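The values are calculated or read from the model by the stated rules, or taken from the named source; none is laboratory data. These numbers come from a predicted model, not from an experiment. All Cβ positions, even for glycine, are placed from backbone atoms using ideal geometry, and neighbour counts span all protein chains on display.
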Amino acid sequence: MKKIIAVILCVTMLIATCAFGAAANTKEETNISDYPVIIVPGYSASTLYVGDDFESGEKIWGLNMDLILERVLARIVDLGIGLGAMTVGNAEIIARTLGEEISGIFEKMRCNPDGTSAYDVKRKYVTAEECNSAYMLEHMTDTDDRHEQDIAAELAEYIGTENIYNFTSDFRMGAEYCAGLLHEFIQDVKRTTGKEKVNIFCLSHGGQVTATYLSLYGHLGDVDNAVLTIPAIGGAGILYDCFNGDIDFDEECLIRFIEHGTRTEEDYNWLVKAQQLGFIDKILEELIPHIFPTLGYWGSLWDFCPVDKYEDIKKKLLDEKESAALIEKSDRFHYEILPKIGEKLQECIDDYGMNITIIAGTGNRIVTGLMENSDGIITTNASTGAYCAPLGERFADGYVQKNDCGGKNKISPDMDIDASTAYLPDNTWFVDGLFHGMTFWDYYTRSLLFTTLLTDEITDVYSDPEYPQFRDTSNPSHAVYAAFNTALPGILDGEATSLVITNCCWQNDVRLSAIHVDGLDLEFDLERVTLAPGESIEVPFTGEIPEVSKKVFSITVYYTMGTLTPLGYRTQNFTVMNGEAVDNAGGTVSSAAKTPFDDIIGDGMTKLLKNLGLYELFSMVYTMIFYRIVPIFKAVF
């Protein structure tokens, strides 16, 4: 029953993702660029077909739900047997059935072991004229190839739909191939518009393609501004988990991912921490071998494999002779193009006057199990080139960054990211808690996206204090956001006098209940207060701010809401920057924050409550009560 509830919850929230509209961007942009914007989308965003032309040919990418339903109904008996087998721990039957159907549906998408297409696959839309958003809206009934429509709709408010172009590619092919297509498309857009340059907005796989394009063609100077959001520059951790066949779905992370995308202002994630969706893991592990002959030789998937894991997976899954041509292309990406990405991107900025922005999400586990700092899909290291502490750990206080960077601090307030090693140390923004593909649903990242894409006002992370290099997400699913009233977000300096807490919900009031500090002797004078959506309050504190720097502590804000899950909390990490750096003990330490509840229970009880999924509930209730009782005891005694 618990498994059924967890699955229903996931499906319900996924459906809800499509039901939300966009809130208007409140930042007024000035000096808007008049260059056309090319959207380079995430993976699998282009319509593909086989045949002489699209009208008479066969559409092979763009899911046909009627066809899928028909095939599922035809195999309903086999699926029923498979589900029955799952009750005794056998996933093979259902995996085989699903594998056969997936392979059948996507047969025309198959690539040969050498990476070439088994069929004559073509793109539906190719030229700049037909990929123009205004033309598509006027002449085409389907919208599959108008990319990132929430972002595009707001983008059109600034520059008009006639200045938005949608890049398409055969995304099965490798990054270098797609980068070549992007180069050709840019030339076509320039001819069509008469403009000497273009601006590029890209995300995910589009970020890998764009970074590769800039590395190979950036010297031509055809780009003014390029914004790479949650880019898969160095690969995608989720691909490694799938290719390696070692999948361990983190359902709590998956629920947080869904909450983030739906802007759900209730906290469901802690309700399912004790649920293990192992049956999904088993199905996927058994499924991979069945679908690999159809999907496994796509060059793009091999370029997705992170470089530190590439050789092991290549030896495991590819034949040196059969896949020699595929290996040669992917080797070139991993060992010739990728190592020079940072150098080439910096050249585009320094030598050719481009503005390049990378916006990355951090602080999440890969949803399929890889225990690395990520945006849920792409590791932070692969997305940015930054050096990261192991997930669940941070650098010890006093950590010294790997590269000096002219004396600039490149360590995150969580002290788990060292941006001094990034592809672009001065042009990469890190947003803790931001999930993959959710840039539009965070006021901060959305405003940063449009400002860097459409203006030349921001040239690096120091251009505007409104856009610091490190920040926590303010997505409404997190309910509250905290920062001190001075200095940068995540930083406590000697001038701070209060903590500013903001209700980042869009719909619900939040009632603040308690504030707990771990790692620093501060006390907050919090009166019970209700914050309306978007409202903030300054909470004064007492206690001495130590005259040291690079010392990490955490603050947890507890709150109640009039929703299905009325109790909630958010923990944010901060760094003291108020003097000489503390001595570095070396290595890493746990990044977990302690609560008052941890002080009264032992490790055995903690483990039991976590296994039962009750730890968060008990901890929240106890802390809220503890926060109110302690002042009473202090007053009496």
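At a glance:
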quantity	calculated
Matching residues, the stretch 577-592, being loosely packed, with under 14 Cβ neighbours inside 10 Å and outside any strand (DSSP E or B)	D583, N584, A585, G586, G587, A592
Residue list for the stretch 520-537, filter: part of a strand (DSSP E or B) and within 21 Å of N578 (Cα to Cα)	E523, F524
The lone exception for A514 - which of (1) within 22 Å of R471 (Cα to Cα); (2) part of a strand (DSSP E or B) it fails	(1)
Of residues in the stretch 387-412 being of a type in the set (G, A, S) and in a loop (DSSP other than H, G, I, E, B), the one surrounded by the most Cβ atoms within 10 Å (Cβ to Cβ)	S412
Residue that is farthest from A482 (Cα to Cα) [pool: residues in the stretch 413-437 that are of a type in the set (S, T, N, Q) and assigned to a helix (DSSP H, G or I)]	T421
Any helices (runs of 4 or more DSSP H) falling wholly within the stretch 228-313 and containing at least 1 residues that are modelled with pLDDT of 90 or more	299-303
Looking only at the stretch 593-604, and only at residues there that are of a type outside the set (V, I, T) and surrounded by fewer than 13 Cβ atoms within 10 Å (Cβ to Cβ), the one that is farthest from F626 (Cα to Cα)	G604
From the options G174, G99, G104, residue that is within 30 Å of P306 (Cα to Cα) and at pLDDT 95 or above	G174
Residue list for the stretch 561-576, filter: in contact (Cβ under 8 Å) with a residue 60 or more places away in the chain, among the polar types (S, T, N, Q) and in a strand (DSSP E or B)	Q572, N573, T575
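One line per residue, one yes/no per condition, for (1) more than 27 Å from the chain's Cα centre (by Cα); (2) part of a strand (DSSP E or B); (3) surrounded by 13 or more Cβ atoms within 10 Å (Cβ to Cβ); (4) basic (K, R):
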site: K321; (1), (2), (3), (4): yes, no, no, yes
site: E328; (1), (2), (3), (4): yes, no, no, no
site: H334; (1), (2), (3), (4): no, no, yes, no
site: P339; (1), (2), (3), (4): no, no, no, no
site: E347; (1), (2), (3), (4): no, no, yes, no
site: I366; (1), (2), (3), (4): no, no, yes, no
site: L370; (1), (2), (3), (4): no, no, yes, no
